[in-house]
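What follows is calculated from the coordinates using simple rules that are stated; it is not laboratory data. None of the values given here were measured: they were computed from a predicted structure. FYI the Cβ positions are ideal-geometry reconstructions off the backbone, even for glycines, and counts take in every protein chain you see.
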Amino acid sequence: MTSHSHDHDHDDHDDHDHHHDNHFSEMQARVKALETVLTQKGLIDPAAIDAIVDTYETKIGPRNGAHVVAKAWSDPDFADWLGRDATAAIASLGYTGRQGEHMRAVFNTPETHNLVVCTLCSCYPWAVLGLPPVWYKAPPYRSRAVIDPRGVLEEFGVTLPDAKKIRVWDSTAELRYIVIPERPAGTEDLGQEALADLVTRDSMIGTGLAITAGGTR
Ligand code: FE
C-alpha cells in the first residue's frame, strides 16, 4: 500500500508538511460497497456493524494506549522514557505505527491539560488508540478544538478550573500524540491492569479525564 500526500487548500496553513490518511480510502470504499450490498440482500444488520465498530473504537483499540498510560503511572523510569522518546518506549510494548510515524506523549499536570486534534484531516495514533471516533474527523471538532478548546471540553463534560492551561497539539502523519492523563487520586494500591481500566479513549485524546477510582467518569 502506498501513502499519498494531498495538497490542501487551506489558507491558514503554509509550510505545514501534512499528509492525509487517504491510503485507507480505497479500502473504506470497498468496505462501504460490501456493506451496502449485504444490507440490501438482507444478509447483515447495519446496527450490528455499528455496534462492532463502536466496540473497536472505544474498547478494543484504545487498550494498547491504556496499557502505555498504566505503565507510565506505575513505572517512573518508563514515564521518563515515554517523555523523552515516546516512539521507542511505546514500541517496547509491541505497539508500532503502520508507517513508522513518530509518537509524542504529552503529560497532563495540575497546571496543564493537553488536547489533541488534527486540524487538516484525521491523523490519529492508530497503534495505540485504534479507530478514530467520527467526531475526531468532523470539521466542527477540528476547527473548534483550536479556537475554543475550553468550550469543546465543556461539551465533552469536562470542566477545567480557569487557572488550568490548555495546550492543543495538531497531529500530522509524521507525528501523532497520546495524552497521558493525570493519575486519579486514591489509586496508589492498584496494579497496572486495574489502572488501565481507568484509562478511557477520550482521556488519551484529551477530551476526557481518567475515571476516578470508584467513579463513573
Ligand atoms: Fe491529518
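Tell me, what is the FRET efficiency for Lys41 and Arg98 to the nearest 0.05, using R0 = 35 angstrom and their Cβ-Cβ distance as r? Display every interim value, and only then the final one.
Details: r = 32 Å, r/R0 = 0.92.
Approximately 0.60, to the nearest 0.05.
When the alpha-carbon atoms of the stretch 106-217 are used, the pair Rg, Dmax equals 13.9, 42 angstrom. Can you tell me the length gained on complete extension of the stretch Asp80 to Ser143, counting 0.36 nm per residue apart and subtracting the Cα distance? Extra length from Asp80 to Ser143 when fully extended: 19.5 nm.
Can you pull out the trypsin sites (Lys or Arg not before Pro) in the stretch 76-117 that DSSP calls coil and that have at most 12 other Cβ atoms within 10 Å? Spell out each step's value before the answer.
Values: sites: Arg84, Arg98, Arg104; in loops: Arg98.
Listed in order of number, the matching sites are Arg98.
Our helix-only sum for the chain, with -39,500 (n - 2.57) per DSSP H run of n ≥ 4 divided by its residues, gives a mean residue ellipticity at 222 nm of -10500 deg cm²/dmol.
Given charges of +1 on the Cβ of Lys and Arg and -1 on the Cβ of Asp and Glu, with all other atoms neutral, how large is the dipole of the stretch 84-217 about its Cα centre, in debye to the nearest 20? Please list the in-between numbers first.
Details: 14 positive and 15 negative charges, 82 e Å.
With Lys and Arg at +1 and Asp and Glu at -1, about 400 debye.
Each residue in Met27, Met204, Met103 was given a count of other beta-carbon atoms within 10 angstrom of its own, and listing them fewest first yields Met27, Met103, Met204.
Spin-label model, Lys165 to Val53: label points 7 Å out along the Cα-to-beta-carbon direction sit 3.9 nm apart. Quick check: from the Cα gyration tensor, does the stretch 28-74 come out rounded (a/c under 1.5), prolate or oblate? Verdict is prolate for the stretch 28-74.
For the chain, the alpha carbon convex hull comes to 150 Å³ per residue, rounded to a whole number. Distance distribution P(r), the stretch 39-167, all Cα-Cα pairs, bin width 5 angstrom from 0: 2, 9, 15, 17, 19, 18, 10, 4, 3, 1, 1, 0 percent. Ordering Ile166, Ala145, Ala196 by Cα displacement along the dipole of the stretch 123-217 toward the positive end leaves Ala145 in first place; charges were set at the Cβ atoms of Lys, Arg (+1) and Asp, Glu (-1).
When each full DSSP H helix of the chain is screened for a Cα extent of at least 15 Å along its own axis and an average Kyte-Doolittle hydropathy of at least -1.0, the helices passing are 25-40, 63-74.
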